[in-house]
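The values are calculated or read from the model by the stated rules, or taken from the named source; none is laboratory data. Just so we're clear, the structure is a prediction, and the values are computed from it rather than from any experiment. Note that each Cβ is placed from the backbone with ideal geometry, even for glycine, and that neighbours are counted across all protein chains shown.
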Amino acid sequence: MNDVIIYIAAAFFLLMGLVALVNPPYIASFLSLKSLPRDMRHEVRAVYGGFGIAMSAVLIAATRVDSIRSGVILTVSLALLGMAAGRLVSLSVDRSVGKYPNLFLAGELLLGGLLLLSWMSLANMDS
């Protein structure tokens, strides 16, 4: 079951990364932006594109290299949960957000939580 969760998270990051590299304005459209200046396209490609593909690659590597598995799962889980925490802070400050940020929050909590549970089950097997 752990590998299924890892592959789902890897697929999420890969899809996000590829779309961000190819079409940065599409990513921004979920945040009510109609167009992006050059520097913002650069940021979307870097943060959503490059980072997403790197996270996908490291998750796939974790399914094949036991010595990094636990650390990778914990790190990616905490990255997702950290993103969700930032969204919760924003929600408390702004009092409301659009449909897509709420959807992203739910996805980050779900994937981050599932990966954390996977990490915990690995930690229990090691002890």
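Find the residue count for segment 70-110, including only residues that are in contact with a Ser or Thr (Cβ under 9 Å, 6 or more places away or on another chain), surrounded by fewer than 14 Cβ atoms within 10 Å (Cβ to Cβ) and outside any helix (DSSP H, G or I).
Counting residues in segment 70-110 that are in contact with a Ser or Thr (Cβ under 9 Å, 6 or more places away or on another chain), surrounded by fewer than 14 Cβ atoms within 10 Å (Cβ to Cβ) and outside any helix (DSSP H, G or I) gives 1.
Could you count how many residues in segment 61-108 are more than 22 Å from Leu122 (Cβ to Cβ) and either among the β-branched types (Val, Ile, Thr) or over 16 Å from the mean Cα position of the chain (by Cα) (or both)?
Result for segment 61-108: 11.
Kindly provide the set of residues from segment 38-59 that are of a type in the set (Phe, Trp, Tyr) and surrounded by fewer than 19 Cβ atoms within 10 Å (Cβ to Cβ), ordered by number.
Listed by number, the list holds a single entry, Phe51.
Per-residue answers, yes or no, for (1) polar (S, T, N, Q); (2) at positive phi:
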site	(1), (2)
Val47	no, no
Ala54	no, no
Leu81	no, no
Arg95	no, yes
Tyr100	no, no
Leu103	no, no
Glu108	no, no
Ser118	yes, no
Met125	no, no
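Of the numbered conditions (1) surrounded by fewer than 17 Cβ atoms within 10 Å (Cβ to Cβ); (2) under 22 Å from Met125 (Cβ atoms); (3) free of Cβ contacts under 8 Å to residues at least 60 places away in the same chain; (4) over 13 Å from the mean Cα position of the chain (by Cα), Ser35 fails exactly one; give the number of that condition.
(2)
Name the single residue that is modelled with the lowest pLDDT among those in segment 6-32 being loosely packed, with under 13 Cβ neighbours inside 10 Å and farther than 22 Å from Leu111 by Cβ.
The extreme case among them is Ser32.
Restricting to segment 1-24, give me the number of residues that are farther than 17 Å from Gly112 by Cα and hydroxyl-bearing (Ser, Thr, Tyr).
Selection size over segment 1-24: 0.
Kindly indicate the residue of segment 60-69 that is in contact (Cβ under 8 Å) with a residue 12 or more places away in the chain and within 13 Å of Phe13 (Cβ to Cβ) and also surrounded by the fewest Cβ atoms within 10 Å (Cβ to Cβ) among those meeting that condition.
Here the answer is Ile60.
Is there a residue in segment 90-106 that is in contact with a Leu (Cβ under 9 Å, 6 or more places away or on another chain) and free of Cβ contacts under 8 Å to residues at least 12 places away in the same chain?
Within segment 90-106 (the criterion being in contact with a Leu (Cβ under 9 Å, 6 or more places away or on another chain) and free of Cβ contacts under 8 Å to residues at least 12 places away in the same chain), the answer is yes, since at least one residue qualifies.
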